[in-house]
Amino acid sequence: MEIRAPGALSVAACLAALLAVLMAPGAGRAQAPAAPDGATLFKRQCGVCHTAGAGEPNRQGPNLHGVVGRVAGKQEGFRYSPALAGSEIRWDAATLDAWLADSAKLVPGSVMPYRQANPAIRGAIIDWLKEGN
């Protein structure tokens, strides 16, 4: 004979409830945190040296507003390294990805040292830049 306090569940009922929770879709899997968006990643990884808003001033690096489609090293009002100014690269998703992966490898002699190994982070930043920010 099992003695329970009024309103208490039996061991079998507790086990059944626990089993139902564990068998639910997605149970036992940790939820991955949401990936930061491109704007947040840009601010964290690029924003110390670059701005990206229309009309914002250059910083240590040039303003990147409208960078997609632009020829590298040619933005008026910014002094680029001779290597980048002479590169004739046109910024698109592929060239930006190569630059963010390893800037010195894409343009040896450039003065911006940057390497981002994570393609998802590079992609989010590039997508945000393509939106015209």
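The values are calculated or read from the model by the stated rules, or taken from the named source; none is laboratory data. This one's a predicted model, so the numbers in the text were calculated from it and none came from an experiment. Cβ coordinates were reconstructed from backbone atoms using ideal geometry, including for glycine residues, and neighbour counts include every protein chain displayed. Ligands, DNA and RNA are excluded from the accessible area calculation, which covers all protein heavy atoms including side chains. Shrake-Rupley method; radii C 1.70, N 1.55, O 1.52, S 1.80 Å.
Out of GLY55, GLY86, I need the residue that is over 21 Å from ALA39 (Cα atoms) and either open to solvent by 50 Å² or more (accessible area, probe 1.4 Å) or not basic (Lys, Arg) (or both). Which one?
GLY86
How many residues does the stretch 95-119 hold that are open to solvent by 70 Å² or more (accessible area, probe 1.4 Å) and not charged (D, E, K, R)?
5
Going by what's in this entry, would SER110 be described as among the polar types (S, T, N, Q), in contact (Cβ under 8 Å) with a residue 24 or more places away in the chain and closer than 21 Å to VAL48 by Cα?
Criteria met by SER110.
Yes or no: the stretch 11-34 includes at least one residue that is in contact with a Lys or Arg (Cβ under 8 Å, 6 or more places away or on another chain) and modelled with pLDDT of 55 or more.
Scanning the stretch 11-34 turns up no residue that is in contact with a Lys or Arg (Cβ under 8 Å, 6 or more places away or on another chain) and modelled with pLDDT of 55 or more.
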